[in-house]
Amino acid sequence: MSANAHRTSDRADFAIDQNWADYTVDEHAVWDLLYARQRAILADRADDALLHGLAALDLGRGGIPDFRIINPELHKLTGWTVVAVPCLVPDEVFFTHLANRRFPAGAFIRTRAQLDYIQEPDIFHDVFGHVPLLTNRVFADYMEAYGKGGLRAVKFGRLKNLAALYWYTVEFGLIETPKGLRIYGAGISSSADESRFALEDASPNRVRFDLERVMRTDYRIDDFQETYFVIRSFDELFRATVDTDFAPLYARLADGVSHRPAALIPSDKVIHGGTGAYHRRKSAS
Ligand code: PHE
Ligand code: FE
């Protein structure tokens, strides 16, 4: 593990130097391994915008990406940059970064023993998963608006509802394309197993995105999702969220996230009603 893993920042925004020169040969090799594996899995599963972003930033050029190299490229495309952070940062710090078109990314990389699952977001999840879509103009604008919306949600005391929106779009979103359902969420796209599960397994629900429905839905942080929400386009997502004043919505959502992760409700436009077999099997064992 590199020295970055345990460094803290004395800055209020939690930013640290990536210290790219400190990554070990083996840490670069872990990136290359994850990159090659995930790029192959995503070829027929990820949305084109995500694949374009990977290519545009040349994230597979070899080794862990150096922020000093990718930042000028990303900034030229959409005005976003990536800043290294030592750990998950507090909500308001996170929102402030997004609102200023800065994506906070964990600087450390998982070990070989953690290839398939880690709890804390590392540089593979944050950069391979999140950064490609920041090259897309509409998605880049959505992320900035989300950061501003986050600062507002804090004042309304509705963070849980806004977090559910992030979870079911930025992390675990699916998109409908002429070629079929595709992945755009980073929690899926940075996971080999969930990439297959989200698209191909009969177990989870796949339901059309509806803003208020999503913001009322609880979610799992410890396993694959039981429901995935499907947008038609990033424009749809942008309009549904950015063009809506959440204040009246927050007033209606006073009961918090009341829908269980696996529940379907009568107003849902269901694309696939899940069998639930995967999570049933897990809770039985
Ligand atoms: N429109 C939201 C509000 O009024 C802000 C927001 C935009 C939140 C995009 C999330 C995503 O608070
Ligand atoms: Fe993430």
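The values are calculated or read from the model by the stated rules, or taken from the named source; none is laboratory data. These numbers come from a predicted model, not from an experiment. Glycine gets a Cβ as well: all are built from the backbone with ideal geometry, and neighbour counts include every protein chain shown. Please note that ligands, DNA and RNA were not included when accessible areas were found on the heavy atoms of the full protein model with its side chains. Shrake-Rupley method; radii C 1.70, N 1.55, O 1.52, S 1.80 Å.
Tabulated data
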quantity: Pair-distance profile P(r), taking every C-alpha pair of the stretch 218-285, with 5 angstrom steps and integer %; calculated: 3, 12, 16, 20, 23, 14, 7, 4, 1, 0
quantity: Distance in nm between pseudo-label sites at R239 and A284 (7 Å out along the Cβ direction from Cα); calculated: 4.5
quantity: Karplus 3J(HN,Hα) series, Hz, for the stretch 40-47 with 6.51 cos²θ - 1.76 cosθ + 1.60 (x for Gly, Pro); calculated: 5, 5, 7, 3, 9, 10, 8, 4
quantity: Radius, Kirkwood style, for the stretch 134-285 when every pair of distinct Cα atoms is counted (Å); calculated: 15.8
quantity: Residue-averaged [θ]222 nm for the chain, counting only DSSP H segments that reach four residues, each worth -39500 (n - 2.57); calculated: -12000 deg cm²/dmol
quantity: Folded to 0 to 90 degrees: helix 67-78 orientation relative to the chain principal axis, Cα; calculated: 50
quantity: Diffusion constant of the stretch 45-197 at 4 °C, which comes from Stokes-Einstein with the Kirkwood Cα-pair radius and 1.567 mPa s, µm²/s; calculated: 82
quantity: Sulfur and carbon atoms: percent of accessible area, the stretch 114-188 [1.4 Å]; calculated: 54
quantity: The stretch 109-154: proportion of alpha-carbon pairs further apart than 14 angstrom, %; calculated: 61
quantity: Folded to 0 to 90 degrees: helix 137-156 orientation relative to the chain principal axis, Cα; calculated: 70
quantity: The stretch 174-228 - Kirkwood radius from inverse mean 1/r over Cα pairs (Å); calculated: 12.0
quantity: Ordering of 258-265, 44-51, 74-81 by packing [mean C-beta count within 10 Å, highest first]; calculated: 44-51, 74-81, 258-265
quantity: Heavy-atom surface of the chain, accessible at 1.4 Å and reported per residue (Å²); calculated: 44
quantity: With every protein chain in place, the stretch 8-52: carbon and sulfur % of accessible area (1.4 Å); calculated: 54
quantity: Relative contact order [Cα under 8 Å, 6+ residues apart], the stretch 142-257, whole percent; calculated: 31
quantity: Projected-area average for the chain over all orientations - Cα convex hull basis, square nanometres; calculated: 14.7
quantity: Filtered GluC sites (Glu not before Pro), the stretch 151-237: DSSP coil and at most 14 other beta carbons within 10 Å; calculated: none
